[in-house]
Amino acid sequence: MSFLKSIFEKPWDYQGDDPNLSGQEIGESLHPKRIALRMFLAVIFVVFMLFIVAYFIRMELEDWRPMPESNLLWVNTGLLFICSVIMQWTRGAVHKGLQNPVKYGMVASGVITLAFVYGQLSAWEEMNNAGYYLASNPANSFFYVLTGLHGLHILGGLWVWTRATFKVLSGAEVKAIRLSIELCSVYWHFLLLVWLGIFALLSYT
Amino acid sequence: MSYIPIADQTDEMHDPHTFIAKYVWSQDHKVIAIQYGTVAVAVGLVALVLSALMRLQLGFPDSFAFIDPAEYYQYVTMHGMIMVVYLLTALFLGGFGNYLIPLQIGARDMVFPFLNMLSFWFYLVSVIILMASFFIPGGPTGAGWTLYPPQAITAGTPGADGGIMLMLASLAVFIIAFTMGGLNYVTTVLQARTHGMTLMRMPLSVWGIFVATILGLFAFPALFVSAVMMTFDNMLGTSFFMPAMVSLGETLDHTGGGPVLFQHLFWFFGHPEVYIVALPAFGLVSDVLSCHARKNIFGYRMMVWAIVAIGGLSFIVWAHHMYVSGMNPYFGFFFAFTTLIIAVPTAIKVYNWVLTLWEGNIRLTVPMLFACGFIFTFVHGGLTGIFLGNVTVDLPLSDTYFVIAHFHMVMGVSPVMVLFAALYHWFPKMSGKMFNVTLGKIHFWATFFGTYAIYLPMHYLGFLGVPRRYYSMGTTDFIPESANTLNANITMAAIWVAVFQLVFIFNMIWSVWRGKKSDPNPWEATTLEWQTPDNPPCHGNWGAELPTVYRWAYEYSVPGVVDDFVPQNIPAKDVKTVDGSPYIGHED
């Protein structure tokens, strides 16, 4: 609410020579990368929201034929959830300054994320083999586009993960990579939430 | 306090030494700004030539054999898209955003310089992809800048073979570039302000750019999403937007998609886009007006709130572009209502600009002329917007030249007036040289009267019912011969304006090369960028120490003070007063 407070300031009043005005101090927790990541997550959220709105509008048109659900998606959801938990655990280990658990945590979460990506591709294959092609119905098109877009965001995260893990494995100080690991974990939690949203949408419609 | 180290990145003090690091792969926000600006102006010139070609066809149909209908539509499309996205958005945010944000808030650079550099190079790639579409078989897309499916990707539309794909790809790359830049601008404004620079001490330029960037970050995804779905429809045969249809006697594979869905997505981007361009213009013009009127901006707080309010409202008015697409009347009522509400904060801004001029000590410099020109053209375009915001008035006028006139007054000429005002205003800081004032004034009067000569008669053509989008009017009962004469005159005015832009280009290039050296603060302005130790500012902007800010950006003509301006970074004890008494700012 300090934002609201500050836009009610009257800057034309004489405010003296002390530059340290209240309302300008920014706490340690707001590293610029954190702000940027939050904004970025908001942008990604808008992208998915727009797809979902389009999904609902397109669903109303008469040629929509709902797609069956692949059981594999439940397994994948579980994988992504485990991944998020490990990330959180790694983040805790970083806070305690533990070198080895951080290594294991990072490697494990990355491997499981790759397993998730593989699982999603298998779900695509399963659907394709069952005759639910991308272009045969708008419901299918949305299934492939939404899962694909989510997968691309996961891959983007993995790129950052690779850089962080590389640093961890090459013996960097835990302190030096604390921020990257925290940001990775936030991103993974966010993508888990997005996936749960998509999965719920695909399951219930 | 941790924000000062963010503003004061000491590694910015180390100058890059090689030519390439300094001017090509530069991470310095000032160089990136100039790179952005140069590319935007260059691509804008292409769009200007396209508009001249369009006008030649419209003014003198049947005289130019080399313009066939397909090419005409390609000119229309490319002119629109280049001007709106690749010129205005890129120049206001990539150009002025990059240049002014760190300088006006007192930072050494953007918080993520590398990302900033990437943003420019992605932008350049998007421009190259777009320009490449001129050279492929079939040429660029001719679907109109709104790219409505199904016709945008159906055989028979110019550029349906490849042009449309390059357009969508280019837009996607542009959006990625914008997102990288935008995250940077927002974070920099929030986190890298110097000592004493509270949000409400920021110049309005920064406020306009800041809010416009947030709009862009949330509006461009809609364009991205629609571009992705249209690409799928075109390349992979999906039916997101494509209805079942027969094209050239053949039944297409698509089934029941929703073209109106595309329109909603497009305009959910398209309307905020208007304000992505307008808000930085509002901000920049406020600073220019206040400085050259030697008077504080009238109603600073209201100006900030109006920028924020317009930004918020701009997300709930999009369907006023779709009255003619057919919609539930309650929808139309809602969108007409929200559209007219936007007139309130906008009118507050206009009144405040005029009241800033009221009893000011006006200096009619070149930037000031353009800023005043903006007030005229903006009021003009804004008033016709109130006509078109009403459903019942819009329906008969929507497909006529009235819309062309409204749109170009409010979103073409007005922001361009501000761009020129800002370019002339900050040119001495960017280059360290002064431009030629006489040429600048010639440029202003030719542009101002010329654009009026183009767009004022178009309102009349619109009332007559002359349709827009037509390649050639042919003969009809309701268009009198005099309308054709008027059209020819509009074309002459358009050519005139286009030619006089060369005066501007020449002035800029000549002045950088041979211009007189400029004072560090030629306009006697208060904001931080004019107080840099070097002119133009060197890498790292501020020398050894960051400036400290003691007041807002509009301390002009304070009674009892020797100079008629008090820079933001001069402590009160150093301000000279006429009678030697301590300086206490304006008295209420």
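The values are calculated or read from the model by the stated rules, or taken from the named source; none is laboratory data. Small disclaimer: the values here were computed from a predicted structure and weren't measured. Quick reminder, even Gly has a Cβ in these numbers, built from the backbone with ideal geometry, and neighbours come from all protein chains shown.
Couple of notes before you dig in:
- Tally of residues being facing chain B (nearest Cβ under 7 Å) and either at pLDDT below 90 or out of contact with any helix residue (DSSP H, G or I) (no Cβ under 7 Å at 6 or more places or on another chain) (or both) across the range A:36-55: 0
- The range B:246-278: number of residues that are closer than 28 Å to B:Ile307 by Cα and acidic (Asp, Glu): 1
- Residue match in the range B:501-521 (condition: more than 29 Å from B:Leu357 (Cβ to Cβ) and within 14 Å of another protein chain (Cβ to nearest Cβ)): no
- B:Pro243 being surrounded by fewer than 18 Cβ atoms within 10 Å (Cβ to Cβ), within 14 Å of chain A (Cβ to nearest Cβ), touching a Gly at 6+ places or on another chain (Cβ under 8 Å) and on the phi < 0 side of the Ramachandran plot: yes
- Evaluation of A:Gln120 against (1) within 14 Å of another protein chain (Cβ to nearest Cβ); (2) more than 26 Å from A:Ile177 (Cβ to Cβ); (3) crowded, with 17+ Cβ neighbours inside 10 Å (one fails), failing number: (1)
- Any hit, the range B:321-339, residues being closer than 23 Å to B:Phe92 by Cα, assigned to a helix (DSSP H, G or I) and in contact with a Phe, Trp or Tyr (Cβ under 7 Å, 6 or more places away or on another chain): no
- Residue under evaluation B:Lys573, criteria (1) within 29 Å of the chain's Cα centre (by Cα); (2) within 14 Å of another protein chain (Cβ to nearest Cβ), criterion not met: (1)
- Tally, over the range A:160-195, of residues that are under 11 Å from the mean Cα position of the chain (by Cα) and in contact (Cβ under 8 Å) with a residue 24 or more places away in the chain: 12
- Taking the conditions (1) part of a helix (DSSP H, G or I); (2) more than 24 Å from B:Ser51 (Cα to Cα); (3) not hydroxyl-bearing (Ser, Thr, Tyr) in turn, B:Val413 satisfies each one other than (2).
- Residue within the range B:337-357 that is polar (S, T, N, Q) and more than 20 Å from B:Leu279 (Cβ to Cβ) present: no
- When B:Val304, B:Val277, B:Val285 are checked against the criterion of being more than 27 Å from B:Leu223 (Cα to Cα) and away from chain A (no Cβ under 14 Å), B:Val285 stands alone in meeting it.
- Residue match in the range B:113-124 (condition: surrounded by fewer than 24 Cβ atoms within 10 Å (Cβ to Cβ), among the aromatic types (Phe, Trp, Tyr), touching a residue at least 60 places away in the same chain (Cβ under 8 Å) and in a loop (DSSP other than H, G, I, E, B)): no
- Restricting attention to the range B:351-375, the residues that are buried (at least 17 other Cβ atoms within 10 Å of the Cβ) and over 24 Å from the mean Cα position of the chain (by Cα) total 1.
- So B:Leu313, is it outside any helix (DSSP H, G or I), among the aliphatic types (A, V, I, L, M), modelled with pLDDT of 95 or more and more than 18 Å from the chain's Cα centre (by Cα): no
- Considered as a group, the residues in the range B:345-402 that are in a helix (DSSP H, G or I) and of a type in the set (Ser, Thr, Tyr) include one that is nearest to B:Trp445 (Cα to Cα), and that residue is B:Thr377.
- If you go through the range B:232-286 and pick out every residue that is aliphatic (A, V, I, L, M) and part of a helix (DSSP H, G or I), you end up with 12.
- Residues that are in a helix (DSSP H, G or I) and either buried (at least 18 other Cβ atoms within 10 Å of the Cβ) or of a type in the set (D, E, K, R) (or both) within the range B:453-472 comprise B:Ile454, B:Tyr455, B:Pro457, B:Met458, B:His459, B:Leu461, B:Gly462, listed in sequence order.
- Only a single criterion out of (1) among the basic types (Lys, Arg); (2) without any contact (Cβ under 8 Å) to a residue 40 or more places away in the chain; (3) part of a loop (DSSP other than H, G, I, E, B) is not satisfied by B:Lys573, namely (3).
- Condition met for B:Val39 (buried (at least 20 other Cβ atoms within 10 Å of the Cβ) and without any contact (Cβ under 8 Å) to a residue 40 or more places away in the chain): no
- Scanning the range B:158-203 for residues that are more than 14 Å from chain A (Cβ to nearest Cβ), surrounded by 24 or more Cβ atoms within 10 Å (Cβ to Cβ) and not in a helix (DSSP H, G or I) turns up just one, B:Gly159.
- Condition check for B:Leu265: more than 14 Å from every other protein chain (Cβ to nearest Cβ), buried (at least 24 other Cβ atoms within 10 Å of the Cβ) and in contact (Cβ under 8 Å) with a residue 12 or more places away in the chain: no
- Filtered by the rule that a residue be under 29 Å from A:Asp13 (Cβ atoms) and either buried (at least 23 other Cβ atoms within 10 Å of the Cβ) or of a type in the set (Asp, Glu) (or both), the range B:528-546 gives B:Leu528, B:Glu529, B:Trp530, B:Asn541, B:Trp542, B:Glu545.
- The listed residue being in a loop (DSSP other than H, G, I, E, B), away from chain A (no Cβ under 14 Å) and within 30 Å of B:Glu71 (Cα to Cα), out of B:Thr475, B:Thr491, B:Thr485: B:Thr475
- Filter result for B:Pro149 (part of a loop (DSSP other than H, G, I, E, B), within 14 Å of chain A (Cβ to nearest Cβ) and in contact with a helix residue (DSSP H, G or I) (Cβ under 6 Å, 6 or more places away or on another chain)): yes
- Taken together, B:Ala422, B:Ala347 contain a single residue that is among the small types (Gly, Ala, Ser) and within 18 Å of B:His292 (Cβ to Cβ), which is B:Ala422.
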